[in-house]
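As structure tokens, the structure follows; a few thoughts come after it.
The values are calculated or read from the model by the stated rules, or taken from the named source; none is laboratory data. Bear in mind the structure is a predicted one, so any value in this text is a computation, not a measurement. So basically every Cβ, Gly included, is an ideal-geometry build from the backbone, and we count neighbours across all protein chains shown. Just the protein is used for accessible areas: all its heavy atoms, side chains included, with ligands, DNA and RNA removed. Shrake-Rupley method; radii C 1.70, N 1.55, O 1.52, S 1.80 Å.
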Amino acid sequence: MASIACNAGSSFNLLNREAFKVSLKNHIQGSLKNNLSLEDFRTWNTFSLSSFRTKGPFLSSSLSSFRRVLRAPTCSNSDPGQSILTTNNNGDANSSERRLVVLVIGGGGREHSLCYALKRSPSCGEVFCAPGNAGIAHSGDATCISDLNILDNVAVISCCHTRGVELVVVGPEAPLVAGLVDDLTKAGIPTFGPSAAAAALEGSKDFTKKLCDKYGIPTAKYKTFADPLEAKEYVKEQGTPIVVKADGLAAGKGVIVAMNIQEAFDAIDSMLVANTFGSAGSRIIIEEYLEGEEASFFALVDGETALPLESAQDHKRVGDGDTGPNTGGMGAYSPAPVLTSELQFLVMESIIHPTVKGMAAEGCKFVGVLYAGIMIEKKSGLPKLIEYNVRFGDPECQVLMMRLESDLAQVLLAACRGELGGVSLSWSPGSAMVIVMASNGYPGSYEKGTIIKNLEEAELIGPMVKIFHAGTALDSEGNFIANGGRVLGVTAKGKDLAEARDKAYKASEVIDWPEGFFRRDIGWRALSHIYTKTS
């Protein structure tokens, strides 16, 4: 099939209108698995969402992609493989380089938002997601490869060769720690993400703490233990509150903030005696409790250069008022008022740059996204590193991708090539917020298979509302069902945080899912900052 070459800045012109109609009909019929008449289209320039009511789940984002096609630049037929797009230093695309085929590894809300941003990238021709999930597949944001084992590096490489993948973006941490990037890179496939050695920044908190010690990166005082009795003696010496962390990967749940001695002892026994987190908890870190406000800081890294992203702030605790156990994240917003421009400069100079230089000095250059959990310490007002993740945060990624205006595919490719020094990023004004809807009982045991309704209606409550699927599947009747703990990321963009919050909560209320829940105070810290500043 011939590719489409686009000349930026021109109006859209269909060279073969009838062929386009047939192609469009076939695409929507295949996606919706439902008969659809072309006469239902009110016009070719404006689609009416109300014209497309179907029995199965509604694919509003597929229609959005067709709207984008109709607003696209002038296109003409070209030979397969013709070079059509290049980028400038803003990560935007101009005509002349071939459009990329991209594979996103993972199947959660983070990966859905990455697919969404890549699909909007002018230089990106096709997006695959493995394994993906039902919501990603039905949204039109990517073609899911549900049977690909992403922990089988040989299978992933074979898939890339078969499908002509030219850029791989690794979402979750497990494949990174397992060395997927190393093997893909050896196979000549550009991959955004760190090597297994560099992924130790997340794979081992002890590794990160030692790096901090060596290169003068500010962090909480700590000590590492494998013996529960020694750990308990240390807790007695230090007093409480104190923080107990599993050394390895624990899906965002291996951190216990112990407010008293008994809670600390229980956490130690859970990890070192009861083996709650398996090998991830066979060694633990006990560190001082830092009082202050936590924020998420992201920077793209190409081995030597670090490029900061917009600020964001997560809500880790499961309950309103930041109560209850830690989770993988119950909501987020961007930008985060707590991260002033002065603080962002300090984070880059005192934390990010020393880490990048230190990793290079240690012989394991870091390529990928550095996600620094930062505590703005109350007593000093200065940032300290809590811990590193070596991939985009979830749900922070959702709000960042809603606001990103640059060509994500070209930006990530530049990172793989060591060319971030010539890249700057463009962000939409205003704010974005995501409300995470989770299964009742999360982060403990929860029921799977419960039906979720009204997702279509939720996305239609206003412009710039998008539902990212984190843990959904389809039942035999085509209904969306919950298939995980954190299930949906109801995301909205507004002119300010208050408007984004209003849209996100209105959309969340529309969703009919009695077996799910969400926090009702996402953004409270930021809104209080804004209120204090303006009052």
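Would you work out what percent of the accessible area of the range 402-535, with all protein chains in place, is carbon or sulfur (probe 1.4 Å)?
Numbers: 2730 of 5550 Å².
Summing carbon and sulfur atoms, their accessible area is 49 percent of the total for the range 402-535.
Can you list which of the trypsin sites (Lys or Arg not before Pro) found in the range 347-397 are DSSP loop residues with at most 12 other C-beta atoms within 10 Å? Provide the component values of the computation, followed by the final result.
On the way: sites: K357, K365, K378, K379, K384, R391; in loops: K365, K378, K379, R391.
For trypsin sites (Lys or Arg not before Pro) across the range 347-397 that sit outside H, G, I, E and B with at most 12 neighbouring Cβ atoms in 10 Å, the list reads K378, K379.
Would you mind computing, in nm to one decimal, how far apart the modelled labels at R163 and E377 are, each placed 7 Å from Cα along Cα→Cβ?
4.6
First select every other residue whose beta carbon is under 14 angstrom from the beta carbon of I286; then total the charges, Lys and Arg +1, Asp and Glu -1.
Values: positive: K205, K209, K221, K223, K232, K236, K245, R283; negative: D206, D227, E230, E233, E237, D247, E263, D266, D269, E287, E288, E387.
Charge balance in the 14 Å sphere: -4.
Excluding same-chain residues fewer than 8 positions from K210, which lysines have a Cα within less than 24 Å of its Cα?
K221, K223, K232, K236, K245, K253, K357, K365, K384
Give the accessible surface of the range 221-289 per residue, rounded to a whole number of Å², with probe radius 1.4 Å and ligands, DNA and RNA excluded.
Numbers: 3280 Å² over 69 residues.
Averaged over the residues of the range 221-289, the accessible area is 48 Å².
Give me the one-decimal nm value for the distance between modelled label points at E291 and V154, 7 Å along each residue's Cα-to-Cβ direction.
Between E291 and V154, the simple spin-label model gives 5.7 nm.
How much accessible area per residue does the range 104-195 have, counting only protein heavy atoms and a probe of 1.4 Å, in square angstrom? Mind showing how you got there, number by number?
Details: 2860 Å² over 92 residues.
Ligands and nucleic acids excluded, the figure is 31 Å² per residue.
With the full set of protein chains in place, find how many percent of the accessible area of the range 221-289 is carbon and sulfur; take the probe as 1.4 Å. Walk me through the numbers before you get to the answer.
Details: 1650 of 3280 Å².
Carbon with sulfur: 50 percent of the solvent-accessible area.
Taking the Cα centroid of the range 197-219 and of the range 269-297, what is the distance between the two, rounded to the nearest whole Å?
Rounded to whole Å, the Cα centres lie 15 Å apart.
Cross-link partners among aspartates and glutamates for K205, C-alpha distance below 13 Å, same-chain residues fewer than 8 apart left out?
Cross-link targets: D213, D247, E287, E387.
Quick check: pseudo-label points 7 Å beyond the Cα along Cα→Cβ at L425 and E362, how many nm apart are they?
2.3
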